[in-house]
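> Take this structure, written in structure tokens, and hold onto it; I'll ask about it next.
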Amino acid sequence: MESISVSSFQLVSHVLTLGYAAMAASLIFFILTIKTNLPKYRMSSVLSVVVMVSALLLLFEQQNQWVEAFTLNAGVYEMTGNFSNGFRYLNWLIDVPMLLIQILFVVGVAGAAFKKYLTQFATFGVLMILTGYVGQFYEPGTAGEDLVMWLVWGAISTVFYIFVLVLITRVIKEGKANMAKSKALPLFAFILPLFYVSWTIYPIAYVMPLLENFELAIASQQVLYTIADVASKVVYGVILQFVSSILSQEQGYEEV
Ligand code: RET
């Protein structure tokens, strides 16, 4: 039976709790600040709220599953139950399209271009997650272990991920051009590097089992997913919120 040390068990437990606490706190933030924005930007905050609620529930469930999967025995935590990232993938299925679409409201893409980006973001985002979801069933160290299938599905998912990166780079470039004269530009410009780093943590976490050490793989995967979740949902959402409120002020909007 696989086992992990008390400190690794606790570290993951703390990090998972921090994750859903961050989502709960940010949920309140996005609700309370929505009126600092002009109505045309508010859909970005609404989508942040959707992302927060779904992540809050999922990460709470993930933490419960973690605690129930292990039993303390002779000073180590033995894995006596089931623990997987399956729920996370289903959460991403909702959150990935929402995160990609929310920026379109702030960037000011309109008309046919808006529809085109929306469709492409939703399609590539969903395909990226679904193919990764299939892949994680073959993860080394689990009941369905199959190294080749795991890597092949991961590679297919990566192709869709590259499409997503190309699209978001284009959207942010358009945003920068639209904000050329705005004070919000430097803050908005920070989103692209944040996006590249935070989203790329997910595939890195996916391949952690290559470390061939159960404890290190399972613990680092949970820590990495949580860091990526906070950066890609909370930090990203907060930046979009501040960018929107600067743009709103510059267009003469005052909160009523
Ligand atoms: C997978 C499978 C392995 C290959 C790649 C992946 C990419 C995952 C990404 C997930 C982003 C999730 C976000 C969630 C926010 O709620 C599926 C791990 C490339 C990029 C942003």
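> Can you give me the Rg/Rh ratio for segment 3-250, using Cα atoms for both radii and the Kirkwood formula for Rh? Write out the running numbers ahead of the final one.
Working: Rg = 19.2 Å, Rh = 19.0 Å.
Taking Rg over the Kirkwood Rh, I get 1.01.
> Quickly work out the LEU18-to-ARG42 label distance, labels modelled 7 Å from Cα along the C-beta direction, and quote it in nm with one decimal.
In this crude label model, ARG42 to LEU18 measures out at 3.5 nm.
> Choose one of ILE218, ILE239, MET149: the residue whose Cα lies farthest towards the positive end of the charge dipole of the chain (beta-carbon charges +1 Lys, Arg; -1 Asp, Glu; about the Cα centre).
So the residue we want is ILE239.
> Under a point spin-label approximation (7 Å from Cα along Cα-to-Cβ), what is the GLN10-ILE204 distance to one decimal in nm?
Calculated label separation equals 2.7 nm.
> In debye to the nearest 20, how big a dipole does segment 3-250 give about its Cα centre with +1 on each Lys and Arg Cβ and -1 on each Asp and Glu Cβ?
Numbers: 12 positive and 12 negative charges, 320 e Å.
That gives a dipole near 1540 debye.
> Rounded to the nearest 500, what is the 222 nm mean residue ellipticity of the chain from helices alone, with -39500 (n - 2.57) per DSSP H run of 4+ residues and division by all residues?
On the way: 9 runs with 188 residues, N = 256.
The per-residue figure over the chain is -25500 deg cm²/dmol.
> For the modelled label position 7 Å from the Cα of GLU174 along Cα-to-Cβ, which residues of segment 94-114 have backbone nitrogen atoms closer than 13 Å?
Residues passing the 13 Å test: 101-114.
> Which is the longest stretch in the chain that no exposed loop site breaks, taking sites as trypsin sites (Lys or Arg not before Pro) with a DSSP loop state and at most 13 other Cβ atoms within 10 Å?
Numbers: sites that count: LYS181, LYS183.
Here the longest run is 1-180.
> For segment 102-161, what are Rg and Dmax over the alpha carbons, in angstrom?
Values for segment 102-161 (Cα only, Rg and Dmax): 15.9, 48 Å.
> Taking the beta-carbon count within 10 Å as an exposure proxy, list ILE31, ILE103 from fewest neighbours to most. Each step should come with its number before you reach the end.
Numbers: ILE31 14, ILE103 25.
Listing ILE31, ILE103 from fewest to most nearby Cβ atoms yields ILE31, ILE103.
> Provide the gained length on full extension for the span THR142 to GLU212, in nm with one decimal, where the gain is 0.36 nm per separating residue minus the Cα-Cα distance. Could you put the intermediate results ahead of the total?
Numbers: separation 70, 0.36 × 70 = 25.20 nm, distance 1.21 nm.
That works out to 24.0 nm of additional length.
> Taking GluC sites (Glu not before Pro) as exposed when DSSP calls them loop (any state but H, G, I, E, B) and at most 16 other Cβ atoms lie within 10 Å, what is the longest stretch of the chain free of them, the sites themselves excluded? Show your work: numbers first, answer last.
Details: sites that count: GLU2, GLU145, GLU212, GLU254, GLU255.
Formally, the longest exposed-site-free interval is 3-144.
> A further question on this structure: Taking square-rooted eigenvalues a ≥ b ≥ c of the alpha carbon gyration tensor, is segment 1-136 rounded, prolate or oblate, where a/c under 1.5 means rounded and, failing that, a/b exceeding b/c means prolate? Present the calculation step by step, with values, prior to reporting the outcome.
On the way: a/c = 4.51, a/b = 1.91, b/c = 2.36.
Here segment 1-136 falls in the oblate category.
> Rounded to the nearest 20 debye, what is the charge dipole size of segment 111-191 about its Cα centre when +1 sits on each Lys and Arg Cβ and -1 on each Asp and Glu Cβ? Walk me through the numbers on the way to the answer.
Working: 7 positive and 4 negative charges, 176 e Å.
Charge dipole of segment 111-191: 840 debye, to the nearest 20.
Coordinate-derived values only; no laboratory data. Note that the structure is predicted; figures quoted are calculated from it, not measured. So basically every Cβ, Gly included, is an ideal-geometry build from the backbone, and we count neighbours across all protein chains shown.
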